[in-house]
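Only one structure is covered here, and it is reproduced in the block below.
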Amino acid sequence: MTEGILRQILDYSSRADPYPLYEELRKTPVFHDGTGPYVLSTYHEIKGLLHDPRISSDSRNLTAVAGDPLSETGEDEGEGVLPPSFLKLDPPDHDRLRRMTNRPFGPPHSPRRVEQMRGELGGIVKGLIDAIAKEGDPSRIDLVEEFSYPFPVTVICRLLGVPPEDEARFHVWADTLAASLDPDPGADPAERADKTKGARMELGMYLAGLIEERRKNPTGDMLSELATAQGPDGTMTTMEVLSTAALLLIAGHETTVNLITNGMLTLLRHPEHLARLRAEPDLGVPIVEELLRYEPPVQLLPQRSTLSDIEVAGVTIPKGSSLWLILASGNRDPKRFPDPDRFDPDRQDVQHLGLGSGIHSCFGAPLARLEAALALSELARRLENPRLLEDPPPYRQNAVLRGPRHLPIAVDGIRD
Amino acid sequence: MSGDAALERLKREGRIVVVGASLAGLRAAETLREKGFSGSLTMIGDEPHEPYDRPPLSKQVLLGKATADRTALPRRLDIDAKWRLGVPAAGLDMKARRVRLADGDEVEYDRLLIATGVRARPWPKPEEGSLDGVFVLRTRDDGAALERALAAGPGRVLVIGAGFTGSEIASACRERGLAVTVAERGDAPLVGALGGVVGAVAAEMHRENGVDLRTGIMVTALEGDSSGRVRAAHLSDGTTLEAEVVVVSLGAQRNTEWLTGSGLGAGPRGIACDAGCRAFDIWGIVTDDIYVAGDVARSPHALFGYQFLSLEHWGNAVAQAETAAHNMLSESAERRPHVWVPAFWSSQFGVNIKSVGVPSMGTEIVITQGSRAERRFVGVYGYQGRVIGAVTFDQCRWLDFYEQQIEQTAPFPPPYSTVDRRPEGNRPLDADFPDPSIPTHGPTITLSGYSPADRRMKFTPAHN
Ligand SMILES: Cc1cc2nc3c(=O)[nH]c(=O)nc-3n(C[C@H](O)[C@H](O)[C@H](O)COP(=O)(O)OP(=O)(O)OC[C@H]3O[C@@H](n4cnc5c(N)ncnc54)[C@H](O)[C@@H]3O)c2cc1C
């Protein structure tokens, strides 16, 4: 039965509901079909590997594995142009770059940065919804295009310190790069690669210019701080700032779009929770937490490899193997979460894998959580009688960063 | 009455008394209520305060980041207890099932939980220890008093003993810009808990942060001025050190004196109990109605050769209290063992230190990740060919893995390669623990293989 199950997971027809496939996979906690990657689908095993120092995230340790259906679509945020971001590095390089990036972003050095953005984020959310109210067609609103896509890019612009007048250009590059992560089987690959490369170059040059400027006249935004900080780890090179900025852009963008879209989709399918959220905006926080378990934007981590032979659940995975860690499946493991297929924001014990765990756990988690909670609470409050026009909606091609490509809804109106 | 019925009755209308109203006591009480205990619950505590948290005392409070009265433990639920605060328990009548209080009152119980913890070991010479400016740090009042003394900007602080608490105090002093000397009888800070290899890293941390660290040194006497204020300390190398504030940080003593003569197996090493938290009497026979938890308990651990462990760890107090509470309300077949893998954390000089297992049982150490020179590393302790403990400096996200290695009695030295393995990490080193017969300030963890309830054991204070 598990024959070809990896292909099935990647197959577009499974996109709307991959969970039955995951359930099937969990019967074999360490699945290996002879040639491809070792696939981990159960909670405790995945969690263990995320804390296992014998697992590498450095793509240079990942020899392209025959039969790994994902290694054929190896686009990433800066391939060939930029040094790998810390997402794809092991300690000590990973630790150093992540530490330096964290200084201007979170505790202990910048404990309030994210919280201080709350008002600004609220303003962006309000602006986007106002625009829908003014220009949108209440009988057909695409929440992805009109809301959940533009929101995180605008946030990243503000965080990095992209000047408002450049935000529009930035959005175009970001969209092109994001599209490259989501192979469209219909499009001409060469043409698309060209377009992506162009956008990457332009964005890179733009950011490099901005970094130079901020080096001379720091303005307190993240780019200034990354470019000028002189902490115990020294100073980042321009190339390092560039690859870090590219990482923040792509990772901080792709995931949040899906978190918000999956969130609205789930709430529209569970109107009782949507109603609760409308009455009680603070519920946004537990709702987002349960969403990260129930419909995580990053479904699997496909680029880890083993530095030693390791034994997991009675199976020895040989040194040099490629691993897929299916976070979304671990999140629905009944051995860990009672009644896992139920969306239940009141769940008490929700230590999900939606943001990973261990040293690579989502860097932007505090920001993503805040963005999603604000967005969902505000949509719940302002949309009058929202309903899904297509269920399931059309999904994106991408099986790793999974989410609807469009979320067409209709509303009776938009409250002030 | 069948056992079942008796248990149901206990749950419904029994009387449970908790002595020691702090972390372990509160968590046990909450667990009892969560498990449906609706009888009467009495919390006896000698401190006047409701349960509060101690770790912030040496961290936030000494830095002036939190005031001592703001460290109350969060409540998970209303425990609906009779609080007897500010009055110590003074005796126990096991036969009559009664706790006697210092004010003469008596409280009857059907089940008793003892969670009286430990107290700071005082300076051995009382007249010197009572000089103005001499402190210990265990309670909220200690924390507030020491914070006031530091805020006044003394010319020099002397910390006696470089265990975890002493090191954290020194770190806080430096963060406040105060001159501080640390005198440690052993060869390095933290040597009792983590051994000399890691202790050497801690020593560097002290020195780089401007602590005047003196190891292999004992303070022999404290000297006061005519108004009774401490002014100097005499050291075993013949020198004298002037200091306006002296913090005595020489480990802890178990609060068991109140049980003397009760027939319970309680003594200077704590109260011995079985893995289900039931206390032993002096004959080594397990009691049915008296349970212990937290710093005062000493219990056998299957993972560590059934050695009796006394752990002064926050997490241990919580887990043991929950187990004790569960077992108090359970039939024998439903009782659970306390098999918590020891885990401890500390933060000092901006470095987050964590350990799992029992490093002090280790004879060898391997640096499996990172490097000591960068003060970011994982050290794995080996004992008879297996992994027995691990410590991390600013690398705590790997700890779950090493905890599993300990649980699985994985082989030592670890045969696998890891990320961030440096050349120095391929060779096991002697972990370099001090000879246990030579006292230091006292390690955080004390292990002993003696039979429980050996009350003739001679108690030698670490310093005299
Ligand atoms: C400054 C400081 C920093 C610490 N930092 C850490 C850390 O970073 N990490 C960590 O893991 N652990 C740390 N600890 C240890 C942790 O606080 C203890 O393990 C924990 O408090 C133990 O809880 P307990 O309830 O067993 O004992 P205690 O908290 O000691 O409570 C026992 C209570 O019983 C009372 N009592 C004693 N005798 C009697 C009597 N006869 N009658 C009535 N009441 C009595 C005591 O006064 C006390 O209130 C720290 C401790 C201190 C003091």
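The values are calculated or read from the model by the stated rules, or taken from the named source; none is laboratory data. Quantities reported herein were computed from a predicted structural model and do not represent experimental measurements. Because the Cβ atoms are built from the backbone with ideal geometry, glycine has one as well, and the counts that use them run over all protein chains shown. For the accessible areas, the whole protein counts, side chains as well, though only heavy atoms, and no ligand, DNA or RNA atoms are used. Shrake-Rupley method; radii C 1.70, N 1.55, O 1.52, S 1.80 Å.
Of the residues making up region B:142-164, those that are in a loop (DSSP other than H, G, I, E, B) and among the aliphatic types (A, V, I, L, M) are B:ALA152, B:ALA162.
Which of the residues belonging to region B:172-185 are open to solvent by 10 Å² or more (accessible area, probe 1.4 Å) and either at pLDDT 95 or above or farther than 19 Å from B:THR240 by Cα (or both)?
Correct list: B:ARG174, B:GLU175, B:ARG176, B:GLY177, B:LEU178, B:ALA179.
Residue under question is B:LEU92, and the condition is that it be within 19 Å of B:ALA321 (Cα to Cα) and either not in a loop (DSSP other than H, G, I, E, B) or not basic (Lys, Arg) (or both); does it hold? Spelling it out, it is not the case that B:LEU92 is within 19 Å of B:ALA321 (Cα to Cα) and either not in a loop (DSSP other than H, G, I, E, B) or not basic (Lys, Arg) (or both).
Search region B:37-54 for residues that are assigned to a strand (DSSP E or B) and pair each with any residue that is open to solvent by 40 Å² or more (accessible area, probe 1.4 Å) and within 15 Å of the ligand (Cβ to nearest atom) when their beta-carbon atoms are under 6 Å apart and the residues are at least 6 apart or on different chains. Sorted first by the residue in region B:37-54, then by its partner, the pairs are B:THR42/B:LYS82; B:MET43/B:TRP83; B:ILE44/B:ARG84; B:GLY45/B:LEU85; B:TYR52/B:ALA72. Number of residues in region B:410-435 that are farther than 18 Å from B:ALA193 by Cα, outside any helix (DSSP H, G or I) and free of Cβ contacts under 8 Å to residues at least 24 places away in the same chain: the value is 3.
Scanning region B:101-120 for residues that are over 22 Å from the mean Cα position of the chain (by Cα), surrounded by 15 or more Cβ atoms within 10 Å (Cβ to Cβ) and among the charged types (D, E, K, R) turns up B:ASP110, B:ARG111. Exactly one residue out of B:GLY64, B:GLY133 is more than 10 Å from the ligand (Cβ to nearest atom) and touching a strand residue (DSSP E or B) at 6+ places or on another chain (Cβ under 8 Å), and it is B:GLY133. Would you call B:HIS326 more than 14 Å from every other protein chain (Cβ to nearest Cβ), more than 14 Å from the ligand (Cβ to nearest atom) and either within 18 Å of B:ILE16 (Cα to Cα) or assigned to a loop (DSSP other than H, G, I, E, B) (or both)? For B:HIS326, the condition - more than 14 Å from every other protein chain (Cβ to nearest Cβ), more than 14 Å from the ligand (Cβ to nearest atom) and either within 18 Å of B:ILE16 (Cα to Cα) or assigned to a loop (DSSP other than H, G, I, E, B) (or both) - is met. State which residue is nearest to the other protein chains (Cβ to nearest Cβ) when the search covers only region B:1-53 and only residues that are within 13 Å of the ligand (Cβ to nearest atom) and β-branched (Val, Ile, Thr). If we take residues in region B:1-53 being within 13 Å of the ligand (Cβ to nearest atom) and β-branched (Val, Ile, Thr), then B:VAL18 is nearest to the other protein chains (Cβ to nearest Cβ).
Could you list, in sequence order, all residues of region A:285-332 that are of a type in the set (Asp, Glu) and in a strand (DSSP E or B)? Hit for region A:285-332 is A:GLU311, nothing else. Residues of region B:67-81 that are of a type outside the set (A, V, I, L, M), away from the ligand (no atom under 14 Å from the Cβ) and more than 14 Å from every other protein chain (Cβ to nearest Cβ): B:THR67, B:ASP69, B:ARG70, B:PRO74, B:ARG75, B:ASP78, B:ASP80. The numbered conditions (1) open to solvent by 30 Å² or more (accessible area, probe 1.4 Å); (2) away from the ligand (no atom under 14 Å from the Cβ) are all true for B:TRP123 except (1). When region A:359-381 is limited to residues that are open to solvent by 30 Å² or more (accessible area, probe 1.4 Å) and either closer than 16 Å to A:GLU23 by Cα or touching a Gly at 6+ places or on another chain (Cβ under 8 Å) (or both), the one that is nearest to the other protein chains (Cβ to nearest Cβ) turns out to be A:CYS362.
Per-residue answers, yes or no, for (1) acidic (Asp, Glu); (2) within 16 Å of the ligand (Cβ to nearest atom); (3) farther than 25 Å from B:VAL61 by Cβ:
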position	(1), (2), (3)
B:TYR306	no, no, yes
B:GLU312	yes, yes, no
B:ALA343	no, yes, no
B:THR363	no, no, yes
B:VAL380	no, no, yes
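Taking residues in region B:2-18 that are without any contact (Cβ under 8 Å) to a residue 60 or more places away in the chain, and partners anywhere that are aliphatic (A, V, I, L, M) and open to solvent by 50 Å² or more (accessible area, probe 1.4 Å), the pairs with Cβ atoms closer than 9 Å and at least 6 places apart or on different chains are B:ARG9/B:MET1.
Considering A:GLU295, A:GLU280, which residue is buried (at least 20 other Cβ atoms within 10 Å of the Cβ) and either within 14 Å of another protein chain (Cβ to nearest Cβ) or not basic (Lys, Arg) (or both)?
A:GLU295
Could you grab me the full set of residues in region A:341-358 that are surrounded by 21 or more Cβ atoms within 10 Å (Cβ to Cβ) and touching a Lys or Arg at 6+ places or on another chain (Cβ under 7 Å)? Passing the criteria: A:HIS352, A:LEU353, A:GLY354, A:SER357. Evaluated against (1) out of contact with any helix residue (DSSP H, G or I) (no Cβ under 6 Å at 6 or more places or on another chain); (2) among the small types (Gly, Ala, Ser); (3) surrounded by 22 or more Cβ atoms within 10 Å (Cβ to Cβ), B:ALA24 falls short on exactly one condition, (1).
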